[in-house]
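The values are calculated or read from the model by the stated rules, or taken from the named source; none is laboratory data. Bear in mind that the values here come from a model prediction, so they are computed numbers and not experimental data. Cβ atoms come from the backbone with ideal geometry, glycine included; neighbour counts cover every protein chain shown.
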């Protein structure tokens with residue numbers, strides 16, 4: 001069973017979830033040489049910036065139930081007072097929340113962004129409200145994630161306020177976890193996987209390397225094993241930059257910010273080359289894709305579902321294999337999302353194969369919902 005972001009409820013109840021998942025990575029030489037003293041120094045900087053989040057929310061329109069829960073977040077912008085955590089912690093509807101720092105100072109926090117698709121969101125707080133704690137923000141370094149990287153997950157695991165769990169990144173290309181049929185599930189992204197054993201309350205914990213940088217965001221876990229699942233930070237970094245532009249550090253007010261997030265209202269899954277051949281992919285196309293893709297590419301993006309009356313309705317079908325997007329061979333979610341986010345209200349050209357037959361379609365990219373700063 002998989003667990004949503006390892007969030008824990010006050011009643012002690014945890015949602016049951018389906019079984020499945022995995023990911024991949026590669027370690028710089030120095031990572032293997034990190035000493036206990038290196039980790040001690042890194043953790044001494046990280047721990048003060050990690051907060052326990054206590055949230056109370058009514059039942060929202062987006063599959064979530066009413067209730068109170070504990071989770072984790074961490075400071076990513078000290079001057080502006082921005083805390084990063086999971087989308088399922090920020091909630092898709094009205095929420096009242098408080099943050100408790102390691103010295104037990106408690107302050108109210110307010111939601112400023114929840115991503116429409118991926119499992120991350122931001123709270124804000126008044127930096128001047130923290131009077132007795134010296135802390136620094138945790139830098140985000142998505143580029144540092146690699147298979148074999150030694151990591152620590154720092155958070156409110158099992159309601160212990162501060163727990164430090166060790167692990168090694170095992171996969172970077174795992175399918176997004178599937179938690180439940182009628183609830184929130186991420187899509188159109190890879191997740192990372194490691195056997196760190198996170199449990200309830202650690203949703204939103206930073207996954208750090210020996211330099212004290214966050215390389216991923218803890219999101220969920222399996223109830224039947226030690227496997228934990230982490231969200232990559234590339235889209236998080238992009239959203240944070242938009243929020244920072246919307247509020248100068250010397251201003252007392254937050255400006256409304258729109259973070260462009262483009263969609264074709266289509267979900268894709270990553271399938272191996274053997275599977276795409278069974279869908280009719282021609283051998284010549286496979287060789288073209290392998291030659292144009294980075295070394296080690298294992299598969300391609302395949303249409304999984306299409307929203308009725310959306311931009312792709314009657315143009316794309318489940319089983320269509322994506323070859324090119326705007327003329328570029330595209331086999332990774334990140335490359336596809338970068339292009340869609342930069343093409344809102346514009347058309348993009350998709351070259352696909354359907355049962356071995358090449359097709360080209362032009363589709364208009366529209367805004368994803370829930371993208372407004374509020």
Per the filter on the range 94-116, residues under 16 Å from residue 60 (Cα atoms) and within 19 Å of the chain's Cα centre (by Cα) are 111, 113, 114, 115, 116
Test of understanding: among 321, 303, 289, which residue is buried (at least 20 other Cβ atoms within 10 Å of the Cβ), in contact with a helix residue (DSSP H, G or I) (Cβ under 6 Å, 6 or more places away or on another chain) and under 15 Å from residue 358 (Cα atoms)? 321
Can you run down the residue pairs with Cβ atoms below 7 Å, 6 or more apart or on separate chains, where the first is in the range 37-56 and in the same structural domain as residue 89 (by TED's automatic domain parsing) and the partner is surrounded by 21 or more Cβ atoms within 10 Å (Cβ to Cβ) and part of a helix (DSSP H, G or I)? 53/89; 55/89
Would you mind stating whether residue 99 is without any contact (Cβ under 8 Å) to a residue 60 or more places away in the chain, within 18 Å of residue 218 (Cβ to Cβ), buried (at least 18 other Cβ atoms within 10 Å of the Cβ) and not assigned by TED's automatic domain parsing to the domain that holds residue 162? yes
Can you tell me which of 343, 283 is farther than 21 Å from residue 269 by Cβ, in the same structural domain as residue 267 (by TED's automatic domain parsing) and either surrounded by 16 or more Cβ atoms within 10 Å (Cβ to Cβ) or touching a helix residue (DSSP H, G or I) at 6+ places or on another chain (Cβ under 6 Å) (or both)? 343
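Just give me the residues in the range 327-364 being assigned to a loop (DSSP other than H, G, I, E, B) and farther than 17 Å from residue 188 by Cβ, in sequence order.
Those that are assigned to a loop (DSSP other than H, G, I, E, B) and farther than 17 Å from residue 188 by Cβ: 327, 345, 346, 355, 356.
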Among residues of the range 159-178, those that are more than 14 Å from residue 46 (Cβ to Cβ) and touching a helix residue (DSSP H, G or I) at 6+ places or on another chain (Cβ under 7 Å), counted: 0
Only one of 186, 157, 175, 182 that is surrounded by fewer than 21 Cβ atoms within 10 Å (Cβ to Cβ), in contact with a strand residue (DSSP E or B) (Cβ under 8 Å, 6 or more places away or on another chain) and assigned by TED's automatic domain parsing to the domain that holds residue 206: 175
Would you point out which residue out of 311, 260 is over 22 Å from the mean Cα position of the chain (by Cα) and in contact (Cβ under 8 Å) with a residue 40 or more places away in the chain? 311
